[in-house]
1. Sequence gap of 8 or more, or different chains, plus Cα separation below 25 Å: how many lysine pairs satisfy both in the stretch 3-137?
2. Quick check: pseudo-label points 7 Å beyond the Cα along Cα→Cβ at Ala47 and Lys85, how many nm apart are they?
3. Would you mind checking the radius of gyration and Dmax of the stretch 3-137 based on alpha-carbon positions, in Å?
4. Short version: ³J(HN,Hα) in whole Hz for each residue of the stretch 97-109, in order, from phi by Karplus 6.51 cos²θ - 1.76 cosθ + 1.60 (θ = phi - 60°), x for Gly and Pro, what are they?
5. If I take R0 = 35 Å and measure r between the Cβ atoms of Thr61 and Leu93 in this structure, what FRET efficiency does the formula 1/(1 + (r/R0)^6) give, to the nearest 0.05?
Amino acid sequence: MNRRHFGCALLSVILIGPAWATGESEAAAQAAAESWLKHVDAGDYAASWEQAAKLFKGVVTQEQWAQAAKGARAPLGKLVSRKVKSRQYTETLPGAPDGKYVVIQFDTVFDKKASAVETVTPMLDPDGAWRVSGYFIR
């Protein structure tokens, strides 16, 4: 390999490497979000709190989370379908400490709400695992 080809190959690795790592992070975060949502969908708010990020647990108690989640989800009825609308890796979010986050939006259909958007935000916890740090439905 001559110098010119080596330089192009190295540049390709440098440019593609971070994008690949971000895609890998997004996929791992999405898997964590979907696992966490299964608990929420089942009404097992205690398990969803246990599986949440350290930041989440530091902001809301298990009892507060259960009450808020039940209040938000019960009126919507059972889950009918959920499809990823978007996912975006970021290291900054308003009102949150800097870190590694993936903001995932799902187009969701419930029995009593035909069109909802769920925003689930997993973050990379200090132990290296992706866990949900935020949840919002509109």
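1. Lysine pair count for the stretch 3-137: 26.
2. A separation of 2.7 nm, rounded to one decimal place.
3. 17.6, 64
4. Each residue of the stretch 97-109 in turn: x, 4, x, 10, 10, 10, 8, 10, 10, 10, 7, 10, 10 Hz.
5. Details: r = 22 Å, r/R0 = 0.62.
Efficiency computed from Cβ-Cβ geometry: 0.95.
Computed from the coordinates by the stated procedures, all read-outs in this text should not be read as laboratory data. Here the structure is a predicted model, which is why all the values come from computation and not from measurement. Quick reminder, even Gly has a Cβ in these numbers, built from the backbone with ideal geometry, and neighbours come from all protein chains shown.
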